[in-house]
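The values are calculated or read from the model by the stated rules, or taken from the named source; none is laboratory data. Fair warning: this is a prediction, and the values are worked out from it, not measured in the lab. Don't worry about glycine lacking a Cβ; one is built from the backbone with ideal geometry, like all the others, and counts go over all protein chains shown. We work out accessible area using only protein heavy atoms, side chains counted, and drop any ligands, DNA or RNA first. Shrake-Rupley method; radii C 1.70, N 1.55, O 1.52, S 1.80 Å.
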Amino acid sequence: MRKTLLAAVVTAATCLALTACQGGAEAGGGDAAPSTTRPLPTASATPASATPTPAGDESGPTDAGPAALDLGEPSRTVGARTVGILEITPTSVVYADEGAGAKPQAGVFAVVTMKEKSLSANPAAEELPATGGGWEWLTPDGQKIPAGNGNAGQVALDGYDSSGPVEPGATRMGAKVFDLTPAQARSGRIVYTDGVQASYRWKMPADSTGPEVADVEGQLAS
């Protein structure tokens, strides 16, 4: 009887121990401690090239392209047919409602004088409009108007000749005339395109300005 009771106690203890072991394995996955490690964050799949970039400044057509120089600032340009170096300096701008008897079709003549100097060992000339070069007036709304348009071709000035080449080391004065509306003339730009199709810009004052004003006005009034 005593042996039977002792055997029952041992059996019961063994069952309790087994139950505890099984419960611990199910709750904690065995003897290993629960993991506290978190996965590293995944890098963004968006490539750097897909990041939006700010749009360009669209403040106006006259501000697009190369920066405009002030009246009186020189710029080195390549001569026609890529021969020679021609330094060009617009010196004056004159606005007039007539020119030596000619009347502008649009309302205003804008006369721009410029000093041109050859800086190379070869004669250098202005690139011509027929080959994609020459002078244009850029209006505040972005319109390009070629020199000599309208009745501007009827205006001739003594002592201002831009035709032909400039000899090495020599300097000459030239002029370009534009036939414009008052709105086109206001705060415009002049643009010159040289022998390698590079463009250069100068800001034009709203009023007649420069050392040649008196001379040009006198010729336009005669």
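When D141 is tested against (1) touching a residue at least 60 places away in the same chain (Cβ under 8 Å); (2) under 20 Å from V94 (Cβ atoms); (3) within 28 Å of the chain's Cα centre (by Cα), just one condition goes unmet, and that condition is (2). Specify which of the listed residues (S199, S222) is polar (S, T, N, Q), out of contact with any helix residue (DSSP H, G or I) (no Cβ under 9 Å at 6 or more places or on another chain) and open to solvent by 70 Å² or more (accessible area, probe 1.4 Å). None of the others qualify; the one that does is S222.
Filtered by the rule that a residue be over 15 Å from Y200 (Cα atoms), charged (D, E, K, R) and part of a strand (DSSP E or B), the stretch 76-119 gives a lone residue, K117.
Yes or no: G142 touching a helix residue (DSSP H, G or I) at 6+ places or on another chain (Cβ under 7 Å), small (G, A, S) and open to solvent by 20 Å² or more (accessible area, probe 1.4 Å)? Yes; evaluated as a whole, the condition is true for this residue.
Among the residues of the stretch 81-107, just one is within 15 Å of A147 (Cα to Cα) and surrounded by fewer than 18 Cβ atoms within 10 Å (Cβ to Cβ), namely Q105. Right, Q197: on the phi > 0 side of the Ramachandran plot and either touching a Ser or Thr at 6+ places or on another chain (Cβ under 6 Å) or assigned to a loop (DSSP other than H, G, I, E, B) (or both) or not? It is true that Q197 is on the phi > 0 side of the Ramachandran plot and either touching a Ser or Thr at 6+ places or on another chain (Cβ under 6 Å) or assigned to a loop (DSSP other than H, G, I, E, B) (or both).
None of A185, A206, A121 is open to solvent by less than 50 Å² (accessible area, probe 1.4 Å) and either in contact (Cβ under 8 Å) with a residue 24 or more places away in the chain or within 28 Å of the chain's Cα centre (by Cα) (or both) except A185. Every listed requirement among (1) in a loop (DSSP other than H, G, I, E, B); (2) modelled with pLDDT of 95 or more is met by D141 save one, (2). Evaluation of T131 against the conditions (1) under 32 Å from the mean Cα position of the chain (by Cα); (2) open to solvent by less than 70 Å² (accessible area, probe 1.4 Å); (3) among the polar types (S, T, N, Q) shows that the sole unmet condition is (2). Within the stretch 67-80, the only residue that satisfies the criterion of being in contact with a helix residue (DSSP H, G or I) (Cβ under 9 Å, 6 or more places away or on another chain) and either open to solvent by 10 Å² or more (accessible area, probe 1.4 Å) or within 14 Å of M173 (Cβ to Cβ) (or both) is A68.
What tally of residues in the stretch 146-175 results from selecting those that are within 32 Å of the chain's Cα centre (by Cα), open to solvent by less than 40 Å² (accessible area, probe 1.4 Å) and touching a residue at least 60 places away in the same chain (Cβ under 8 Å)? The qualifying residues number 3.
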